[in-house]
Amino acid sequence: MKRLHYLCLSVLLLLLASCEHKELCYHHPHERLVRVAFDWRDAPQADPDGMCVYFYPMEGGAGRRFDFGNTTGGEVELRVGRYKVMCYNNDTEVVEFYNTDDYLSHGVFTREGNVLEPIYGNGANYAPRADGTEEERVVLCPDMMWGCTVAEVEITESGVSYVCGDAQGVGQTVTDEQVITLYPHELVCTYTYEVRNVSNLKHMREICGSISGMAGTLTFTGESLGRECVTLPFAGAAAGGSTITGQFYTFGHHADNPQPHRMVFYVVMDDGGKYCYKDGDNLDVTTQVHNAPDFRHVHIIIDGLDLPQPIENGHGFDPSVDDWEEVEDEIVL
């Protein structure tokens, strides 16, 4: 009995000795508080209401999303490890997202619409289209978006290390004790247009238009565009004198797509007459789009639009009736 007592005591002392120099850690894997900061040097005019950031573990698994109600950033708590990072503004209303759990295919698209939607919403169900574009889906223009991606981020106990690309895409490794700085830039293109030398503009009541051959999706990683060509509707307005102007956002056009970019204008006059201007040489804007000095900011100029002299005691207007008068004659100035 005494030997058993001594044996138990020896085992107990041995266990105590083996645990004496080991620190217990109950928090595996380790997490670290990191500050995300946004530097807007590549988009100084940006004005989103807030931003979101996704951290995708490089060992696999869904990304974690963090939202900020500002454009400066904030703190996030992340496990120590290696990540791919993506950010964009979180105040969008029109765009819809796909594959948000996958860094490589996370992207945006917009819902289907109608070429007359800028004026009538979905109340109209018919309008003529440019020849050869009738089969293209009509989708809404996207919101303005800013963002960027970072392919290599490592969070360690001692700090953060990441490869950051500048505006020219040249990468450099940055190490910081607790901050990762992201540099958002424009992800969406801004197209502006002006139609000059418009006759009878003072009798125009409403106008909208469309442009064909544009991309319908944007994948954030690599900022790659979808190959499908879609038609985008856009708004317009009289700018005084004899000029119509407008602006719209687009993901852009896929450089490998051969389809032309044709604009169509839908005009409602003050007597209720509806006129569709299509298929004129001055409405094929392919060269202007493809040769724009800055593909993010494209300005299109159209010369000539011959609006009719209104008819006294004209007919009323019902957007559900297929009574568009198509105008395809060339404008001679």
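The values are calculated or read from the model by the stated rules, or taken from the named source; none is laboratory data. Worth saying up front: this structure is predicted, and the values here are computed from it rather than measured. Here the Cβ positions follow ideal geometry from the backbone for every residue, glycine too, while neighbour counts run over all protein chains shown. Side chains are part of the model used for accessible areas, which takes the heavy atoms of the whole protein and leaves out ligands, DNA and RNA. Shrake-Rupley method; radii C 1.70, N 1.55, O 1.52, S 1.80 Å.
With every protein chain kept in place and ligands, DNA and RNA left out, what is the accessible area per residue of region 46-91? Probe 1.4 Å, answer in Å².
Per residue, region 46-91 has an accessible area of 45 Å².
Going toward the positive end of the dipole of region 163-293, with +1 on Lys and Arg Cβ and -1 on Asp and Glu Cβ, which of Q259, F234, N197 do you reach last?
Comparing the listed Cα positions along the dipole, N197 ranks first.
Ignoring ligands, DNA and RNA, what percent of the accessible area of region 70-210 is carbon or sulfur (1.4 Å)?
Reported share for carbon and sulfur atoms: 42 percent.
Set the Förster radius R0 to 41 Å, insert the Cβ-Cβ distance between L33 and D270 as r into 1/(1 + (r/R0)^6), and round the FRET efficiency to 0.05. Present the calculation step by step, with values, prior to reporting the outcome.
Working: r = 63 Å, r/R0 = 1.53.
That gives a FRET efficiency of 0.05.
Can you tell me the FRET efficiency between R137 and V80 if r is taken as the Cβ-Cβ distance and R0 is 41 Å, rounded to the nearest 0.05?
Efficiency, rounded to the nearest 0.05: 0.35.
May I ask you to give the solvent-accessible area per residue for region 213-316, in square angstrom, as obtained with a 1.4 angstrom probe?
Heavy-atom SASA per residue in region 213-316 reads 42 Å².
Can you divide the C-alpha Rg of region 56-104 by 2.2 N^0.38 Å and report the result to two decimal places?
Here the answer is 1.27, to two decimals.
Placing unit charges on C-beta atoms (Lys and Arg positive, Asp and Glu negative, everything else neutral), compute the dipole magnitude of region 36-191 about its Cα centre in debye, rounded to 20.
The calculation lands at about 160 debye.
Among 197-208, 107-118, what's the highest-first ranking by average C-beta atoms within 10 angstrom per residue?
Most protected by this proxy first, the peptides run 107-118, 197-208.
Heavy atoms only, probe 1.4 Å: what % of the accessible area of region 214-313 goes to carbon and sulfur, would you let me know?
Working: 2040 of 4170 Å².
Carbon and sulfur together cover 49 percent of it.
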